[in-house]
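*Asks:* Take a look at this one; I'll ask things after.
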Ligand code: HEM
Ligand code: HEM
């Protein structure tokens, strides 16, 4: 159970596993798109799909437990802002792999985990044949926008964590690092 002084191991482990892997996948995604490094796409998809399993477990955990209680009483607006940001971050962790799958699946590129095919590719004369070009383009656009949105929100989130630690000098960051 998460309390005002201590977070459960599950909360801490899932937070850092998902946070650091998502940031890594954003960096990899932007790099591979800008440099057109096609060889990196299967790494991005495979790691994202494996992470999706942990993401679903984490969302189930949060829906069951709710968000951790704040370490101290805060103004109503502060509490509301933190709750909204945390649910938005959770929503982005689900939306990114889902839109990635829609883009790759509907675009005819297919996806799977390290060679284990989940949705097959459709290529003709070396070109991917879309199953639904409109849906694929929508998936691609949303994947990109949500990716950049997540980075902006994560920057605010890290800023808030640092403010708690250095300005308010409370236990918010220490608690997420496993120290009470
Ligand atoms: C789970 C976390 C994931 C994160 C954080 C993430 C993030 C990103 C980001 C930031 C980009 C660059 C977008 C751009 O510059 O326009 C990208 C590109 C891409 N991602 Fe993901 N992604 C994830 C999972 C997936 C999954 C599961 C798939 C497919 C099964 C996928 C497929 C792709 C593809 C195909 C691109 C290239 C898009 C293009 O060519 O415009 N991603 N991803
Ligand atoms: C790497 C820098 C990060 C730091 C220093 C950090 C720090 C923290 C801290 C201190 C908390 C506890 C807040 C509280 O007690 O109210 C927290 C919670 C949370 N963080 Fe982060 N975080 C980081 C990255 C991320 C990223 C990238 C995501 C999203 C992918 C994320 C999603 C969440 C969520 C959803 C919560 C609510 C509690 C939970 O579900 O685990 N964090 N974070």
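A short reminder: the numbers here are calculations on the coordinates, not readings from a lab. Since the structure is predicted, the reported quantities are computational estimates derived from the model, not experimental observations. All Cβ positions, glycine included, derive from the backbone under ideal geometry; neighbour counts span all protein chains shown.
*Asks:* Which is under 27 Å from residue 156 (Cα atoms) and more than 16 Å from ligand 2 (Cβ to nearest atom), of 139, 110?
*Replies:* Result of the check over 139, 110: 139.
*Asks:* Continuing with the same structure: Tally the residues that are in a helix (DSSP H, G or I) and either within 16 Å of ligand 1 (Cβ to nearest atom) or in contact with a helix residue (DSSP H, G or I) (Cβ under 8 Å, 6 or more places away or on another chain) (or both), restricting the search to segment 159-170.
*Replies:* The first filter runs over segment 159-170 and keeps only residues in a helix (DSSP H, G or I), leaving 159-166.
This time we only want the ones that are either within 16 Å of ligand 1 (Cβ to nearest atom) or in contact with a helix residue (DSSP H, G or I) (Cβ under 8 Å, 6 or more places away or on another chain) (or both), so: 160-162, 164-165.
Total meeting the criteria: 5.
*Asks:* Only one residue in 133, 141 is touching a helix residue (DSSP H, G or I) at 6+ places or on another chain (Cβ under 9 Å), more than 19 Å from residue 40 (Cβ to Cβ), exposed (fewer than 14 other Cβ atoms within 10 Å of the Cβ) and in contact (Cβ under 8 Å) with a residue 24 or more places away in the chain. Which one?
*Replies:* 133
*Asks:* Out of curiosity, is residue 12 touching a residue at least 24 places away in the same chain (Cβ under 8 Å) and either over 28 Å from residue 179 (Cβ atoms) or buried (at least 18 other Cβ atoms within 10 Å of the Cβ) (or both)?
*Replies:* Answer is no for this residue.
*Asks:* In the set 107, 159, which member is farther than 18 Å from residue 52 by Cβ and in contact with a strand residue (DSSP E or B) (Cβ under 7 Å, 6 or more places away or on another chain)?
*Replies:* Numbers: 159 fails: in contact with a strand residue (DSSP E or B) (Cβ under 7 Å, 6 or more places away or on another chain).
Exactly one of 107, 159 is farther than 18 Å from residue 52 by Cβ and in contact with a strand residue (DSSP E or B) (Cβ under 7 Å, 6 or more places away or on another chain), namely 107.
*Asks:* Okay, next question. Against the condition touching a residue at least 12 places away in the same chain (Cβ under 8 Å), more than 11 Å from ligand 2 (Cβ to nearest atom) and over 18 Å from the mean Cα position of the chain (by Cα), how does residue 40 come out, does it pass? Break it down stepwise before answering.
*Replies:* Details: touching a residue at least 12 places away in the same chain (Cβ under 8 Å): yes; more than 11 Å from ligand 2 (Cβ to nearest atom): yes; over 18 Å from the mean Cα position of the chain (by Cα): yes.
Judged against the criteria, residue 40 is a match.
*Asks:* Residues in segment 28-48 that are within 8 Å of ligand 1 (Cβ to nearest atom) and more than 16 Å from residue 91 (Cα to Cα): how many?
*Replies:* Matching residues across segment 28-48 total 10.
*Asks:* Would segment 63-70 turn up any residue that is surrounded by 15 or more Cβ atoms within 10 Å (Cβ to Cβ) and more than 16 Å from ligand 1 (Cβ to nearest atom)?
*Replies:* yes
*Asks:* Additional query: Return the only residue of 17, 56 being under 19 Å from residue 147 (Cα atoms), without any contact (Cβ under 8 Å) to a residue 40 or more places away in the chain, within 16 Å of ligand 1 (Cβ to nearest atom) and loosely packed, with under 14 Cβ neighbours inside 10 Å.
*Replies:* 56
*Asks:* Can you tell which of 172, 84 is over 26 Å from residue 46 (Cβ atoms) and surrounded by 14 or more Cβ atoms within 10 Å (Cβ to Cβ)?
*Replies:* Checking each option against the conditions leaves just 172.
*Asks:* Looking only at segment 112-130, filter to residues that are outside any loop (DSSP other than H, G, I, E, B) and under 21 Å from the mean Cα position of the chain (by Cα); which one of those is surrounded by the fewest Cβ atoms within 10 Å (Cβ to Cβ)?
*Replies:* 118
*Asks:* Among the candidates 138, 150, 173, single out the residue that is closer than 30 Å to residue 11 by Cβ, within 16 Å of ligand 1 (Cβ to nearest atom) and in a helix (DSSP H, G or I).
*Replies:* 150
*Asks:* Answer with yes or no whether residue 80 is in a loop (DSSP other than H, G, I, E, B), over 26 Å from residue 115 (Cβ atoms) and more than 15 Å from ligand 1 (Cβ to nearest atom).
*Replies:* Answer is no for this residue.
*Asks:* Here are the criteria: (1) touching a helix residue (DSSP H, G or I) at 6+ places or on another chain (Cβ under 6 Å); (2) buried (at least 16 other Cβ atoms within 10 Å of the Cβ). Tell me which single one residue 109 does not satisfy.
*Replies:* It fails just one condition, (1).
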